[in-house]
Amino acid sequence: MDNKSSDTEQKICGRCGTCCIKGGPSLHLEDKELVQTGKIPLSKLVTLRKGEMASDNVSGGIKPLGAELIKIKGRGGSWACRFFDPGAKGCTIYENRPVECAAMQCWDTTGIAAIYDKDRITRKDLIGTVEGLWELVEDHEERCSWDEINRLAEEAVGNDDPRMTKIMEMINYDHSLRNVIVEKGMDKGMLEFLLGRPLASAVESLGMTIVKDGERYRLMKKETEQETCSCGKCSPDGK
Ligand code: SF4
């Protein structure tokens, strides 16, 4: 595919903001200094963990990530970049914008395509030497691996399958760990960088949702959610 425009087409940024509104960039090793110097604080970042479902902006489609990536967080429940000022239609960190943003030219995607999946920065690059913190990330990764969640979700047959319970245990662990970290005094804004998105909401990407079932919470596949009857005449299990 020819990614370049003809001579009569756009060749400069029109500051429409579309690319920033579509989503913030993933960070690369070249961006490490921006984070280390606090120009882009860790609390403004979100980790998409290995195995997590994500859209691939170059090849298209939604698929499990082969490796983790770190993005600038969205705003107001969307992926619109946190550093985009909608009023001024501009980047509030323009002088310190990440390498993907500097390479982005909507009229010619050759530059961004060349770096898109190269030298992506990881949590280990940023906090691998911070004693205590890195061990916590590794422990969470071991107990709440997306690869394992994907396997369990694929093999689970129906909502009463023990593999669904196993995923729910991971979700509960993830939720408890976040509470403990905040209770110990860490900025809540750091959680999505340290542990990725909360599993309780992120499992929606697998077509699952959490429902209250009597006094407890259950994980259910959305297409079979109706197994729980809401008529009020039968038990919470719909039996
Ligand atoms: S960092 Fe700046 S240029 Fe990059 S997506 Fe965000 S607002 Fe746009």
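The values are calculated or read from the model by the stated rules, or taken from the named source; none is laboratory data. Just so you know, these numbers come straight off a predicted model, no measurement behind them. With ideal geometry, Cβ positions are generated from the backbone for all residues, glycine too; neighbour counts draw on all protein chains shown.
Things to note:
Okay, residues lined up against (1) farther than 15 Å from residue 144 by Cβ; (2) at pLDDT 95 or above; (3) among the polar types (S, T, N, Q):
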position: 166; (1), (2), (3): no, yes, no
position: 171; (1), (2), (3): no, yes, no
position: 180; (1), (2), (3): no, yes, no
position: 189; (1), (2), (3): yes, yes, no
position: 220; (1), (2), (3): yes, no, no
position: 226; (1), (2), (3): yes, no, yes
position: 233; (1), (2), (3): yes, no, no
position: 239; (1), (2), (3): yes, no, no
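- Filter result for residue 116 (buried (at least 16 other Cβ atoms within 10 Å of the Cβ) and of a type in the set (Ser, Thr, Tyr)): yes
- Filter result for residue 132 (assigned by TED's automatic domain parsing to the domain that holds residue 177, away from the ligand (no atom under 16 Å from the Cβ), among the small types (Gly, Ala, Ser) and surrounded by fewer than 16 Cβ atoms within 10 Å (Cβ to Cβ)): yes
- The residue that is farthest from residue 42 (Cα to Cα), counting only those in the stretch 76-94 that are within 10 Å of the ligand (Cβ to nearest atom) and without any contact (Cβ under 8 Å) to a residue 12 or more places away in the chain, is 85.
- Within the span defined as the stretch 60-70, every residue fails to be charged (D, E, K, R) and within 14 Å of the ligand (Cβ to nearest atom).
- Qualifying positions in the stretch 136-190 - polar (S, T, N, Q) and assigned to a loop (DSSP other than H, G, I, E, B): 145, 159
- Filter result for residue 157 (under 30 Å from residue 218 (Cβ atoms), free of Cβ contacts under 8 Å to residues at least 60 places away in the same chain and out of contact with any strand residue (DSSP E or B) (no Cβ under 9 Å at 6 or more places or on another chain)): yes
- As for the stretch 98-110, it holds no residue that is farther than 16 Å from residue 34 by Cα, surrounded by 20 or more Cβ atoms within 10 Å (Cβ to Cβ) and within 16 Å of the ligand (Cβ to nearest atom).
- Filter result for residue 71 (under 27 Å from residue 153 (Cα atoms), in the same structural domain as residue 98 (by TED's automatic domain parsing), among the charged types (D, E, K, R) and buried (at least 16 other Cβ atoms within 10 Å of the Cβ)): yes
- Every pair of residues 6+ apart whose Cβ atoms lie under 9 Å, when the first sits in the stretch 97-119 and is within 15 Å of residue 13 (Cα to Cα) while the second is among the acidic types (Asp, Glu) and surrounded by fewer than 18 Cβ atoms within 10 Å (Cβ to Cβ): 107/9
- Flag if residue 39 is closer than 30 Å to residue 208 by Cβ, within 15 Å of the ligand (Cβ to nearest atom) and surrounded by fewer than 20 Cβ atoms within 10 Å (Cβ to Cβ): no
- Filtered residues of the stretch 24-51 (kept if of a type outside the set (Lys, Arg) and closer than 22 Å to residue 86 by Cβ): 24, 25, 26, 40, 41, 43, 45, 46
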